Amino acid sequence: MEENDVLREKAFSFALRIVDLSRFFVSNYRELVLSKQVLRSGTSIGANLAEARQAQSRSDFVHKLSISNKEASETNYWIELLEASHFITTPQARSLLGDCTKLQRLLIGSINTVKRKSGYKLSIGELSISRLFHDKELQYTY
């Protein structure tokens, strides 16, 4: 199985978990604001991967993967907030965060592979953004 297929399947499975989480909030807490935020960002990861499959260029492909990575970062934020506000338990949050982090690692690996194969040069903005990652395993490699 190709890396992109694995990434797509993991993103789809993660999106299903997020849909279930959102349904749970709506039915049990009648909570709409946070559930919509995590639903939007958590399902957008896979949606942008689907768009990447139709990319018109390598640059467009990298851009779509980068958007997926940003959505994953946002989803991590919402999951952390849901945990801190006691909507989900720490084990639930850790499980979701673990899956989302795995997606980010796959996304970053794919981005790096495409950039390396195409001789892509980094902009100053990309260099400074990479320094903001607090998890060294998630940093872009150059």
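The values are calculated or read from the model by the stated rules, or taken from the named source; none is laboratory data. What you are looking at is a predicted structure, and each value in this text was computed from that prediction instead of being measured. Don't worry about glycine lacking a Cβ; one is built from the backbone with ideal geometry, like all the others, and counts go over all protein chains shown.
Surrounded by fewer than 20 Cβ atoms within 10 Å (Cβ to Cβ), at pLDDT 95 or above and not in a loop (DSSP other than H, G, I, E, B), is that true of LEU97? Taking the combined requirement at face value, the residue satisfies it. Does ARG30 satisfy being of a type outside the set (Ser, Thr, Tyr), surrounded by fewer than 21 Cβ atoms within 10 Å (Cβ to Cβ) and farther than 20 Å from SER66 by Cβ? Yes.
Among the residues of segment 100-142, those that are at pLDDT 50 or above, surrounded by 13 or more Cβ atoms within 10 Å (Cβ to Cβ) and among the small types (Gly, Ala, Ser) comprise GLY109, SER110, SER118. Give PHE14, PHE61 a once-over and let me know the one that is in contact with an Asp or Glu (Cβ under 7 Å, 6 or more places away or on another chain) and surrounded by 14 or more Cβ atoms within 10 Å (Cβ to Cβ). Within the list PHE14, PHE61, the selection yields PHE14. Of the candidates SER22, SER27, the single residue that is farther than 26 Å from ALA52 by Cα and of a type outside the set (A, V, I, L, M, F, W, C) is SER27. A count restricted to segment 44-56 and to residues that are surrounded by 15 or more Cβ atoms within 10 Å (Cβ to Cβ) and not aliphatic (A, V, I, L, M) stands at 4.
Looking at SER35, SER41, SER73, SER68, which one is over 16 Å from SER110 (Cβ atoms), under 11 Å from the mean Cα position of the chain (by Cα) and either touching a residue at least 12 places away in the same chain (Cβ under 8 Å) or buried (at least 16 other Cβ atoms within 10 Å of the Cβ) (or both)? On inspection, the qualifying residue turns out to be SER41. Tallying residues that are among the polar types (S, T, N, Q), modelled with pLDDT under 95 and assigned to a helix (DSSP H, G or I) within segment 23-57 yields 3. Could you say whether any residue in segment 52-59 is among the charged types (D, E, K, R) and without any contact (Cβ under 8 Å) to a residue 40 or more places away in the chain? There is no residue in segment 52-59 that is among the charged types (D, E, K, R) and without any contact (Cβ under 8 Å) to a residue 40 or more places away in the chain.
Being assigned to a helix (DSSP H, G or I), at pLDDT below 95 and not charged (D, E, K, R) holds for only one residue in ASN4, ASN76, and it is ASN4.
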